[in-house]
Amino acid sequence: MKSNWRNKYKPANLLLAAGAAFSGAAHAVNDLPGGPAVRQLNLPVGVTRIAEEQYFLHWALMILCTVIFVGVFSVMFYSIWKHRKSVGHKAANFHESVVVEVVWTVIPFIIVILMALPATKILVAQKDTTNADLTIKVTGYQWKWGYDYINGEGEGLAFISTLDSSHRAMSDAGAKGDIPNDYLLKVDNPLVVPEKQKIRIITTANDVIHAFAVPQFGIKQDAIPGFVRDTWFRAERTGDFYGQCQELCGKEHAYMPIHVKVVSAEDYTAWVDVKRKEAAAKQDDPNKVWQLPDLLARGERVYAANCAACHQANGKGAGPIKPLDGSAVVLDNDHSKQLHILLNGQNNGAMPAWRQLSDTDLAAVATYTKNSWSNKTGQIIQPAEVVAERGK
Amino acid sequence: MSAVLDPHGHAGHAHDDHHDHHAPTGWRRWVFATNHKDIGTLYLLFSFTMLMVGGVLALLIRAELFQPGLQIVNPELFNQFTTMHGLIMVFGAIMPAFVGFANWMIPLQIGASDMAFARMNNFSFWLLIPAAIMLVGSFFMPGGAPAAGWTLYAPLTLQMGPSMDAGIFAMHIMGASSIMGSINIIVTILNMRAPGMTLMKMPMFCWTWLITAYLLIAVMPVLAGAITMTLTDRHFGTHFFNPAGGGDPVMYQHIFWFFGHPEVYIMILPAFGIVSQIVPAFARKKLFGYASMVYATSSIAILSFIVWAHHMFTTGMPVTGQLFFMYATMLIAVPTAVKIFNWVATMWQGSMTFETPMLFAVGFIFVFTMGGFTGLILAVAPIDIQLQDTYYVVAHFHYVLVAGSLYAMFAGVYYWLPKWTGVMYSEARGKLHFWWSLISFNITFFPMHFLGLAGMPRRYADYPMQFADFNAIATIGAFGFGIAQVYFFLFIVLPAMRGKGEPAPQKPWEAAEGLEWEVPSPAPFHTFENPPRLDPTATKVIG
């Protein structure tokens with residue numbers, strides 16, 4: 001049974017980590033525009049009016065709370081200073097006063113009401129998702145995001161957005177050396193939206209609860225399987241903006257970032273156009289009969305983007321993740337076995353279902369596993385088989 | 001000199017002809033314990049052990065988070081650590097510790113000979129041992145410990161291995177233990193107070209536990225419901241939380257947090273009670289506004305039932321729901337503020353000394369209030385949208401639970417240790433423990449506010465580089481804090497348990513009031529076997 005621990009030498013790793021830190025090995029990190037800043041102390045001002053209002057409300061409340069805190073504790077520290085036995089102060093006798101109790105109940109009550117008024121206004125504005133210019137459905141998967149443009153310019157476009165696999169590998173390797181500023185925030189396909197338009201985000205999920213959040217927009221919405229929720233934003237500037245999944249969703253919870261690219265209206269139109277052409281070209285014909293080398297090349301790319309994070313580039317898995325190299329299911333002549341797992345998942349979702357990949361992608365990756373590492377079955381799975389398996 | 005006290009302790013009973021048992025010795029004394037002092041000691045030692053286990057998990061978490069990148073564990077194991085740290089601390093450390101205080105102090109403070117149901121008391125404690133073994137042992141089950149966060153949200157819990165079922169079973173057992181303990185406390189307080197001790201003359205610690213016990217009885221069954229539904233969804237074909245079968249994952253959250261919110265008040269009200277005893281003792285002045293404190297505590301308890309969905313602001317409830325829960329949550333700040341003011345008014349114009357119990361009590365007031373303010377900020381729903389599930393929340397609840405509940409417990413230990421053990425702790429060591437804990441605590445958790453505001457999510461094994469510095473600081477503080485508690489055990493608790501230290505007088509604290517100070521130090525095995533006659537204030541025994 002493979003160990004859950006990173007490797008046998010964890011004490012050495014700990015010392016290494018401590019040593020690296022104390023050696024002042026600066027990773028030379030910079031702020032990420034549109035993402036977190038180094039040693040950031042406060043909320044981001046953001047690029048939407050809602051985010052700005054949240055920022056100002058937070059400042060107002062912090063100042064109010066600080067004033068009250070300083071007031072109350074000045075009294076307390078004064079008392080600690082002056083009303084000590086060691087300076088000879090004698091204890092007074094009073095121990096109740098209805099008037100005082102009423103006063104210091106009513107005043108906080110009023111303060112709390114005053115705080116609630118601007119908060120109500122902002123909350124109501126946050127919830128108003130009507131009259132959106134563009135509607136995008138965001139689906140949380142274990143462990144990536146799917147974006148579907150369902151209404152407005154770009155309608156019909158759909159793609160998956162996954163953490164850059166080199167970043168995932170960097171994490172496994174301990175984030176040593178030169179780490180980019182967008183570490184753990186870079187994706188293959190960012191969500192692209194036009195600026196200065198009201199974008200309605202509908203969230204749902206495929207498996208467990210996730211949460212879609214972009215701090216610079218001031219939005220966060222749980223993505224709940226079987227249900228739809230929504231939120232909205234209107235970005236007032238172009239740029240790249242980042243967020244991360246904000247609801248524990250399993251082992252790769254930290255590895256499903258959100259990258260939203262806000263572009264001008266013209267750039268958006270151009271992007272939509274390009275994406276439509278790509279989508280048309282990518283329409284794989286599920287009846288095409290592939291040759292092994294082509295399919296393997298395709299499968300290798302699919303594997304790297306989807307499977308390597310868990311099953312490792314060498315196919316050996318780790319801990320509870322089963323190895324594919326030498327796996328009986330993979331080597332089996334009966335392709336159904338492996339395809340069934342790919343389409344439906346296994347172990348209650350610990351191995352997720354990959355239904356959303358295209359028939360060609362699934363055929364390619366299964367073929368790749370059957371012919372890589374020490375697996376040399378020579379078997380090939382055509383997309384048509386996947387179509388048939390789906391139909392079962 | 002009162003004739004009602006048993007001056008012989010547990011050794012000789014020759015002249016007592018109204019009971020004819022031998023005081024048990026050896027292992028039987030502990031396994032068959034029915035004495036509230038012994039059971040109190042068992043609870044306290046158990047909870048300290050769990051504090052250490054939970055603390056080790058915390059240090060593993062912080063060690064991994066010291067730097068970006070995965071150095072020590074894979075994310076799956078990391079999530080197991082965060083989950084079990086939470087479950088062990090909440091159910092294994094904080095809650096049993098307060099029950100330990102209740103067992104030791106309530107009968108003494110009300111002039112009762114023991115708890116109402118002495119054998120059920122024993123059962124309540126010993127149930128915790130198999131539960132704890134199952135909980136901690138779940139790490140060694142196939143697939144490891146549950147990794148769904150201590151809140152165990154569905155449907156993620158449906159993906160967990162067999163340890164999830166063990167965890168559910170353990171929590172059922174602990175829930176049963178809490179419910180039985182609460183019944184015991186309520187019946188004891190309502191029925192066994194010495195004549196003349198009306199409810200409004202009872203010590204504040206008893207009041208806060210009375211209210212807490214009602215909260216426990218009300219909400220533990222709700223938790224049991226939520227985790228049972230999870231169990232049946234996992235194994236018996238139900239679809240409570242599985243949308244594919246018509247269920248609703250958010251319903252789990254409603255049920256869980258209907259338990260969960262009163263639960264956090266369960267974990268703080270006894271702390272309020274301890275602080276309300278200690279501050280007057282060291283200010284040499286009666287608690288300001290006793291009645292108001294009772295009403296404020298009751299208001300907090302009642303309000304705690306109607307605020308649960310502030311944990312769910314981002315689940316997508318209608319705006320009216322968000323507004324209601326925001327208003328109700330902000331409202332709880334009012335009685336809490338009243339309590340803070342009353343404590344400060346107790347100190348005002350007092351004649352204070354700052355022995356270790358008072359240091360921890362004043363430290364509690366200061367740092368708990370910080371946690372209270374961050375709670376108020378989180379209550380404001382538009383801001384919560386940014387902060388939900390970030391490290392700001394982690395900072396908030398550690399401020400109120402560690403700097404709140406745990407500090408109050410330390411205050412209580414230092415305050416009552418002379419009564420329990422008969423020896424004084426070393427004041428210099430106590431002060432060292434206090435300052436070391438306070439400073440390292442703040443180094444650990446204050447930076448987490450910044451991390452949360454900057455957007456760092458919770459339950460992340462790795463994080464973007466920009467969060468590195470504050471994470472490193474937090475880790476250093478955490479190790480400092482952990483070592484401070486080991487110091488506490490080795491250099492305060494152990495020597496006292498072994499009887500090493502200055503012999504303690506019956507009332508080591510000049511202005512302490514309460515019936516516990518009317519019995520010798522250490523308190524004899526049996527106290528108040530006959531109800532004492534009390535003076536009009538119900539704080540002194542008279543002839």
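Quick note: the coordinates plus some simple rules give every number you see, no bench work behind them. The shown structure was predicted, so the numbers you read here are calculated from the model rather than taken from an experiment. Note that we place each Cβ from the backbone using ideal geometry, even for glycine, and neighbour counts take in every protein chain shown.
Shielding of peptide A:131-138 by partners, expressed as the average count of other chain Cβ atoms within 10 Å per residue Cβ, is 0. Summary of the geometry: the stretch B:261-285 and the stretch A:122-163, compared by the centres of their Cα atoms, lie 48 Å apart. Rounded to the nearest 0.05, what FRET efficiency do B:ALA23 and A:PHE94 give with R0 = 56 Å and r taken as the Cβ-Cβ distance? Could you check? Efficiency, from the Cβ-Cβ distance: 0.75.
Using R0 = 45 Å, the C-beta based FRET efficiency linking A:ALA304 and B:ASN442 works out to 0.50. When both the stretch A:188-234 and the stretch B:411-482 are represented by their alpha-carbon centers, they are found 36 Å apart.
Which shape class, rounded, prolate or oblate, goes with the protein assembly as shown when its Cα gyration tensor gives a ≥ b ≥ c as root eigenvalues, a/c under 1.5 marks rounded, and past that a/b bigger than b/c marks prolate? Show your work: numbers first, answer last.
Values: a/c = 2.27, a/b = 1.75, b/c = 1.30.
Judged from the Cα gyration tensor, the protein assembly as shown comes out prolate (a/c at least 1.5, a/b above b/c).
Compared with the alpha-carbon gap, the fully stretched path from B:GLU529 to B:GLU510 is longer by 4.2 nm at 0.36 nm per residue. How much length is gained if the chain between A:THR66 and A:ASP188 is pulled fully straight, taking 0.36 nm per residue apart and subtracting their Cα-Cα distance, in nm to one decimal? Result for the pair: 39.6 nm of gain on full extension.
With an a/c value of 1.5 or above and a/b larger than b/c for the gyration tensor axes a ≥ b ≥ c computed over the alpha-carbon atoms, chain A is described as prolate. Take each residue in A:51-63, count the other chain C-beta atoms within 10 Å of its C-beta, and the mean is 3. Net charge dipole, the protein assembly as shown: roughly 1400 debye, given to the nearest 20, about the Cα centre with Cβ charges of +1 for Lys and Arg and -1 for Asp and Glu.
Give, as ranges by residue number, the residues of the stretch B:327-356 whose backbone N falls under 12 Å from the point 7 Å along Cα→Cβ of A:LYS82. B:348-350, by backbone N distance to the label point. Under a Gaussian network description of chain A, with springs only between Cα atoms under 10 Å, the residue in A:HIS210, A:HIS340, A:HIS83 that fluctuates furthest is A:HIS83.
Counted residue by residue at 0.36 nm each, then reduced by the alpha carbon distance between them, the extension gain from A:LYS196 to A:ALA169 reaches 6.1 nm.
Which residue, A:LYS370, A:LYS90, A:LYS251, has the most motion in a Gaussian network model of chain A that connects Cα atoms within less than 10 Å? Taking springs between Cα atoms under 10 Å, the residue moving most is A:LYS90. Here the spin labels are modelled as points 7 Å beyond Cα on the Cα-Cβ line, and at A:SER374 and B:ALA428 they lie 6.5 nm apart.
Counting only the backbone N, which residues of the stretch B:201-216 are under 13 Å from the spot 7 Å out from the Cα of B:ILE542 toward its beta-carbon? No residue passes the distance filter. Between the stretch A:373-392 and the stretch B:177-256, the alpha-carbon centres lie 54 Å apart.
When Cβ neighbours within 10 Å are restricted to other protein chains, what is their mean count per residue of peptide A:71-79?
Working: counts 0, 7, 6, 0, 5, 10, 2, 2, 10.
The mean count of partner-chain Cβ atoms within 10 Å per residue comes to 5.
To the nearest ten degrees, helix B:36-65 and the longest principal axis of the Cα atoms of chain B are 30 degrees apart.
Taking A:ASP332, A:ASP240, A:ASP361 in turn, the Gaussian network model of chain A (Cα-Cα springs below 10 Å) assigns the largest fluctuation to A:ASP332. Just the number, please: percent antiparallel of the DSSP beta bridges in the protein assembly as shown, rounded to the nearest 5. Counting DSSP beta bridges with both partners in the protein assembly as shown, the antiparallel share is about 70 percent.
Here the label points at A:ASP294 and A:SER358, each 7 Å from Cα along the C-beta direction, are separated by 1.3 nm in the simple model. Using R0 = 35 Å, the C-beta based FRET efficiency linking A:LYS176 and A:LYS277 works out to 0.30.
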